Amino acid sequence: FRVPLDHTKDVAGLERLAAAGRLRADEVIAVTGKTEGWPPGETSRVDADQAIRRFLLDHGSRSAEQIDQIPMVFTTGGIGILTPHVVVYTRSYTELVTHGAPRLAMGVARSALIRPEWMTSTRFSEVNADAVRAAAVDAGIEPSAIEYVVGKAYYPTREDFANARAAGHA
C-alpha cells in the first residue's frame, strides 16, 4: 500500500485502510518511506517510524518486541515533487502457486549488529549476506532467486570507531 503522509506522524491513511478491512496490522512485514525534512537535527524519520510502530501495536496482536523487529527504512527530503509517503508491505498466506508464473516473494531479516571494527573487513559483507540468506528462507525461496535487496544500516559514529581502536581493533 502506498500511503501519503500529511505530516511526519500521520497514520490517518493507515487508519482508513484498516477501517476498510484492506490493511491488517499483523500482516505488515516492512515499511519504506519518504518523509519531509532536510535540515540538520530534523526528526521526521524517527517520528514516522514511531507513529507507524504505535499504529501496529494498537491495531494488531503482536508484542512491542515483535513490532520492533519490523524493518522500516525512511529517507528525508520529501519536498517539492517528492510527496511524503510510506509504502507498507504486507504478507498474507495463500495456497502455493505452482503454475510457474512470475510472482513476488518477500522475505525479511536483520543482520547482526554491525561492529565498527567490521567496517574494514569482510565480516561486514558476511553478516549482510547471512541476513540476505535468512530473508530468502523467510520468503520461501532459494537465495539464488533473489533479484532485489533493500538494506538500511546504522553507521558507527566517530566515538564508536575510537572505542573500537581503544579495544585494539583495526
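The values are calculated or read from the model by the stated rules, or taken from the named source; none is laboratory data. Treat the numbers as computed from the prediction; the structure is a model and nothing was measured. Quick reminder, even Gly has a Cβ in these numbers, built from the backbone with ideal geometry, and neighbours come from all protein chains shown. For accessibility, only protein heavy atoms count, side chains too; no ligands or nucleic acids. Shrake-Rupley method; radii C 1.70, N 1.55, O 1.52, S 1.80 Å.
Can you find even one residue in the stretch 152-163 that is among the small types (G, A, S) and either under 16 Å from A109 (Cα atoms) or touching a residue at least 60 places away in the same chain (Cβ under 8 Å) (or both)?
Filtering the stretch 152-163 for residues among the small types (G, A, S) gives 153, 162.
Retained after the next criterion (residues that are either under 16 Å from A109 (Cα atoms) or touching a residue at least 60 places away in the same chain (Cβ under 8 Å) (or both)): 153.
The answer is yes, given that some residue of the stretch 152-163 is among the small types (G, A, S) and either under 16 Å from A109 (Cα atoms) or touching a residue at least 60 places away in the same chain (Cβ under 8 Å) (or both).
The single residue among R62, R103 that is in contact with a helix residue (DSSP H, G or I) (Cβ under 8 Å, 6 or more places away or on another chain), farther than 23 Å from V127 by Cβ and open to solvent by 30 Å² or more (accessible area, probe 1.4 Å) turns out to be R62.
Among the residues making up the stretch 33-73, those that are among the basic types (K, R) and at pLDDT 95 or above are R53, R54, R62. Taking the conditions exactly as written (modelled with pLDDT under 90, aliphatic (A, V, I, L, M) and within 25 Å of I141 (Cβ to Cβ)), does V97 satisfy them or not? Answer is yes for this residue. Within the stretch 1-40, restricting attention to residues that are out of contact with any helix residue (DSSP H, G or I) (no Cβ under 7 Å at 6 or more places or on another chain) and of a type in the set (K, R), which residue is least open to solvent (accessible area, probe 1.4 Å)? Looking at the filtered set, the residue picked out is K34.
State whether one or more residues within the stretch 120-140 are hydrophobic (A, V, I, L, M, F, W, C) and assigned to a loop (DSSP other than H, G, I, E, B). No; the residues of the stretch 120-140 include none that is hydrophobic (A, V, I, L, M, F, W, C) and assigned to a loop (DSSP other than H, G, I, E, B).
For the stretch 117-127, a residue qualifies if it is modelled with pLDDT of 90 or more and open to solvent by less than 60 Å² (accessible area, probe 1.4 Å), and exactly one does: V127.
Search the stretch 8-65 for residues being under 21 Å from G77 (Cα atoms) and among the polar types (S, T, N, Q), and hand back the single one that is nearest to the chain's Cα centre (by Cα). The residue in question is T32.
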